[in-house]
Amino acid sequence: MAPSDDNNELDRAPSQGVGPEYMSSDEKPTATVSTQVSHENFTILPQTPQLIALLTMIRDKNTNRADFIFHSNRIIRLLVEEGLNHLPVREHIVTTPVGKTYNGVRFEGKICGVSIMRAGEAMEQALRECCRSVRIGKILIQRDEETSQPRLFYDKLPEDIADRWVLLLDPMLATGGSALMAVDVLRSKGVPEERICFLNLIASPEGAANFAKKFPKLRVVTAFVDKGLDEKK
């Protein structure tokens, strides 16, 4: 994604020293970090040394396919864990093996994943590793060659999806056209906007703005917001 001239209110290619807290600022290497956006429904993963190192690997043109997949999967796992943090919980008190009371919580409700094919399917395994026996639906949206607009080709979703919290999966958020249409499909099936959490690895400021404008109650969790889109979007 190359920078664009609009959206002047957004920071461009920010950088900061990255390293453990005990290191002085002079000892920390400077690294490119996520562009910040002000939308209340948008969560960017903390730009920790671990995350920046993983992003460095998947952005490196010399990274081989096996390493790219391995490091991408680690980022996706972080996204899934953060996405689960946005789901509601209720009090759940248990007794420990030594007879002590532990005041805990448990998730309230049912969840499912929905991947936007094909790229979103790469995120399914991380969700299964975090949520055993999770139901996963699929939506296929492709760009129309004549109009350049997203077009729905296929969807297969759990019959009771209207009663579930949905983690929508797609690695990239550019203009947001396909993901916005996927949300429209979910809403047409009875899923409330506020019960959808969209997980993606890399987003653009333009896509973030489009989501915030159209679906302000929907949560978006990303690892990194890039500088902006080029003319090819």
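The values are calculated or read from the model by the stated rules, or taken from the named source; none is laboratory data. From a predicted model like this one, the values you see are computed outputs, not experimental measurements. Glycine gets a Cβ as well: all are built from the backbone with ideal geometry, and neighbour counts include every protein chain shown. Side chains included, ligands, DNA and RNA excluded: accessible areas come from the protein's heavy atoms. Shrake-Rupley method; radii C 1.70, N 1.55, O 1.52, S 1.80 Å.
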What is the packing order of peptides 164-171, 24-31, 109-116, taking the mean over residues of other C-beta atoms within 10 Å and listing the highest first? 164-171, 109-116, 24-31
How much length would be gained if the chain were fully extended between ARG90 and GLN149, taking 0.36 nm per residue of separation minus their Cα-Cα distance, in nm to one decimal? 17.1 nm
Quotient of C-alpha Rg and 2.2 N^0.38 Å, computed over segment 139-233: 1.07
For the chain, take the alpha-carbon Rg, divide it by the Kirkwood Rh, and send me Rg/Rh. 1.00
Can you give me the % of accessible surface on segment 106-229 that is carbon or sulfur? Probe 1.4 Å, all protein chains present, nothing else counted. 44
Options LEU168, PHE198, ASN210, ranked by Cα towards positive dipole end of segment 157-233, top entry (Cβ charges): ASN210
Using a Cα distance threshold of under 17 Å, what count of lysine pairs results for the chain when pairs must be 8 or more residues apart or interchain? 4
log10 I(q)/I(0) for segment 61-163, Debye formula on C-alpha points only (no solvent), q = 0.17, 0.21 Å⁻¹, two decimals, reads -0.98, -1.16
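Taking 0.36 nm per residue of sequence separation and subtracting the Cα-Cα distance, how much length would be gained by fully extending the chain between GLU108 and SER24, in nm to one decimal?
25.9 nm
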Could you give the C-alpha radius of gyration of segment 116-182 expressed as a fraction of 2.2 N^0.38 Å, taking N as the number of residues it contains? 1.18
